[in-house]
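The values are calculated or read from the model by the stated rules, or taken from the named source; none is laboratory data. Note that the structure is a prediction, hence the values are computed from the model and not measured. So basically every Cβ, Gly included, is an ideal-geometry build from the backbone, and we count neighbours across all protein chains shown.
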């Protein structure tokens, strides 16, 4: 098993003619705590979306937990924890409903989510 949790090699992303991420390369070892920091417009959200497979890079390669992203992003997302800048819970939902939404976002089936909810509550 590889000791690499995240590997980006030469990742580039453009939105129209605007270069947002320019040939980014970095590696995060398994067990390492990692954060994306920078000013507004630096590309942090775009990098996070590419790591999660929600946005496709225009160039370069991304692997998460040994899985190519975006090709296997649903499976890779099961092993990723993301802490957003703002609270993303739906205040109209119960705690259980919010857990269902986020579990589905990470590719879990309703059966899998319902199995872990009692431990989380």
When you go through (1) assigned to a loop (DSSP other than H, G, I, E, B); (2) out of contact with any helix residue (DSSP H, G or I) (no Cβ under 6 Å at 6 or more places or on another chain); (3) in the same structural domain as residue 8 (by TED's automatic domain parsing); (4) modelled with pLDDT under 90 one by one for residue 56, which number turns out not to apply? (4)
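Would you check if residue 13 is at pLDDT 90 or above, in the same structural domain as residue 71 (by TED's automatic domain parsing) and loosely packed, with under 10 Cβ neighbours inside 10 Å? Even if it seems obvious, please write down each step before you answer.
Numbers: at pLDDT 90 or above: yes; in the same structural domain as residue 71 (by TED's automatic domain parsing): yes; loosely packed, with under 10 Cβ neighbours inside 10 Å: no.
Spelling it out, it is not the case that residue 13 is at pLDDT 90 or above, in the same structural domain as residue 71 (by TED's automatic domain parsing) and loosely packed, with under 10 Cβ neighbours inside 10 Å.
Can you name every residue in the stretch 65-93 that is assigned to a loop (DSSP other than H, G, I, E, B) and at pLDDT 90 or above? Working first, answer last.
From the stretch 65-93, those assigned to a loop (DSSP other than H, G, I, E, B) are 65-66, 70-72, 78-93; that's our starting set.
Selection gives 65, 66, 70, 71, 72.
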Return yes or no: is residue 28 part of a strand (DSSP E or B) and in contact with a helix residue (DSSP H, G or I) (Cβ under 9 Å, 6 or more places away or on another chain)? no
Can you find a residue that is assigned by TED's automatic domain parsing to the domain that holds residue 64, touching a strand residue (DSSP E or B) at 6+ places or on another chain (Cβ under 9 Å), on the phi > 0 side of the Ramachandran plot and surrounded by 14 or more Cβ atoms within 10 Å (Cβ to Cβ) anywhere in the stretch 30-42? no
